[in-house]
Amino acid sequence: MRTFGWILGIILVLGAVYSGYQFGNKYRISQEMPIPIEELTATEYPADPSRRGSHYDQYVSRFLRLVKKDDTHFDFIFESDEPDVATVKFKDIDLSLFVPSVPKWAKEDPDMKIITLVEREWNRQQISLNRSSRNLVIEGGDGFEKDNLFSAELSRNSLNAGLWEVLFYSKSDGKKQLYYHGWFKFPLGHYKDVFEKENGESYWKHWHRLEHWWSPEGRLVNLANLREVVRSNEVWTATTPNEPLLIKGEQERKRRITSAMGVKCYGDIYGKKNLQFATFIPPGRYDTNKVRGHELQTLAHLDHAMVRKVKSRADQRNYDEIELVFKDTKDGKISRFIVSGIDFTKIPRLPKTEYPKGMYMPMGIAVPPFYQSYEGLKKSPPKESVYFSLLLDKDGKWIDHRKVGIDGPIIHRDLNKSDLIHLYFLSYERLMLVNHYVLKIPHGSYL
């Protein structure tokens, strides 16, 4: 018996040593690091909703050489041993603009800090560089990429920390076409160092929730820490249950990975039709064999809508805010959707068919758009953003909007009537639109 205990003790010690080594190795970094890239053929990833071009699968066998330039800037150099494949360098990329950080006006609220960090990690952040960008260098290869690379893009996935993508596009018939797609793991040691520099606190306080899909459901959001209400009005709002679904842009490409049998209009989504979404899984792909449901029925009945003029705690300037209040007809549960830190006068006027050109944003606090140019990101750092969008219960507690099935709002003003604002809900992973509301905004007070 003593011998067994002695052996068990050795096994436990060796296991702890090995686990410690593995954990430390995960964060081991150097000034210059080779990083493997996972590449899949078109047949290996048939669920990819991207618009692939005729050159997809041709310029492959790449690896990443990551070079640290200073505390926050890195070169992402995508290389290949194949002579036909060009070297594409993302030069002097500021990682502080990608790593989750808490704005100074939210740091004193523990719940708000956690929600801010988790939402940043959950939301996709994809930046693009065009050929004229000073941050993009294309060298070598057989000439195709030097002549035809239209947009080079980096994405921090809406998953666990460190899961990234690289995408290269050409252009044909006026449309972007994907010709290269790769997945890689950004070194968590560098990620950790930039996080600590940006937030002024230890990464280890938050590492598990950033790396392991942890939901802050039920955390209290004190809206007074984000803004002060200056003026508030209940407004006329129309719902559109019988309106045919609008499908364009990203939703058009992702239509084939959404199970929506019989869903023709918004009302069908909240009825008895079977709606399921392909699940987005590590390292950043859609799995149509692993479908995801939703709880959209909790947002089926709009009780009332409010618009407000608010003063942001960020810069003490006035902005506009919309709140939609929903009441579940089965249990009376209240859900409050809020989007704030916006300016009605700067929102584009568009026909409904051009809705993707409107304000197209994720949920969260001080979050960047899902997609933007790198120049746009540098001009508007997320930690300086006054924007926020939240789903709360009647007591102000955070509701997991991804579990409900929404990812963010799209907003545009009506093309013909300047006092009408259209607001759409993006579904989980922006696969489709799941509702459309029309709000009448008072002239003078807000416009």
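The values are calculated or read from the model by the stated rules, or taken from the named source; none is laboratory data. All of these numbers come straight from a predicted model, not from anything done at the bench. Please note: Cβ atoms are built from the backbone with ideal geometry, for glycine as well, and neighbour counts cover all protein chains shown.
At-a-glance table
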quantity	calculated
Residue list for region 68-84, restricted to those being out of contact with any strand residue (DSSP E or B) (no Cβ under 7 Å at 6 or more places or on another chain) and either basic (Lys, Arg) or outside the structural domain of residue 140 (by TED's automatic domain parsing) (or both)	none
Residue match in region 210-222 (condition: under 22 Å from the mean Cα position of the chain (by Cα) and assigned to a helix (DSSP H, G or I))	yes
Residue identified as hydrophobic (A, V, I, L, M, F, W, C) and part of a strand (DSSP E or B) among 377, 439	439
Failed item, numbered, when residue 263 is tested on (1) out of contact with any strand residue (DSSP E or B) (no Cβ under 7 Å at 6 or more places or on another chain); (2) part of a loop (DSSP other than H, G, I, E, B)	(1)
For residue 345: the one exception among (1) closer than 30 Å to residue 166 by Cβ; (2) out of contact with any strand residue (DSSP E or B) (no Cβ under 7 Å at 6 or more places or on another chain); (3) of a type in the set (Val, Ile, Thr)	(1)
Test for residue 127: is it in contact with a strand residue (DSSP E or B) (Cβ under 6 Å, 6 or more places away or on another chain), buried (at least 18 other Cβ atoms within 10 Å of the Cβ) and either of a type outside the set (Ser, Thr, Tyr) or outside the structural domain of residue 399 (by TED's automatic domain parsing) (or both)	yes
Breaking point among (1) buried (at least 20 other Cβ atoms within 10 Å of the Cβ); (2) closer than 22 Å to residue 382 by Cα; (3) aliphatic (A, V, I, L, M), for residue 149	(2)
Per-region count, region 324-346, residues in a helix (DSSP H, G or I) and either touching a Pro at 6+ places or on another chain (Cβ under 7 Å) or among the aromatic types (Phe, Trp, Tyr) (or both)	1
2 or more residues closer than 27 Å to residue 405 by Cβ: qualifying strands (runs of 3 or more DSSP E) within region 87-171	125-130, 151-156
Residues that are assigned to a helix (DSSP H, G or I) and in contact (Cβ under 8 Å) with a residue 40 or more places away in the chain, drawn from region 267-284	269
Enumeration of residues in region 280-297 that are of a type in the set (A, V, I, L, M) and either closer than 30 Å to residue 162 by Cβ or surrounded by fewer than 16 Cβ atoms within 10 Å (Cβ to Cβ) (or both)	281, 291
Search result, residues across region 347-365 that are in contact with a helix residue (DSSP H, G or I) (Cβ under 7 Å, 6 or more places away or on another chain), assigned to a strand (DSSP E or B) and hydrophobic (A, V, I, L, M, F, W, C)	350, 365
Single match in 243, 250 (criterion: in contact with a Pro (Cβ under 9 Å, 6 or more places away or on another chain), touching a residue at least 60 places away in the same chain (Cβ under 8 Å) and assigned by TED's automatic domain parsing to the domain that holds residue 431)	250
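Residues checked against (1) surrounded by fewer than 18 Cβ atoms within 10 Å (Cβ to Cβ); (2) within 20 Å of the chain's Cα centre (by Cα); (3) among the polar types (S, T, N, Q):
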| position | (1), (2), (3) |
| --- | --- |
| 266 | no, no, no |
| 269 | no, no, no |
| 274 | yes, no, yes |
| 278 | no, yes, no |
| 299 | no, no, no |
| 305 | no, no, no |
| 311 | yes, no, no |
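Yes/no per residue for (1) surrounded by 16 or more Cβ atoms within 10 Å (Cβ to Cβ); (2) under 26 Å from residue 99 (Cα atoms); (3) outside the structural domain of residue 177 (by TED's automatic domain parsing):
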site: 58; (1), (2), (3): no, no, no
site: 61; (1), (2), (3): no, no, no
site: 66; (1), (2), (3): yes, yes, no
site: 86; (1), (2), (3): yes, no, no
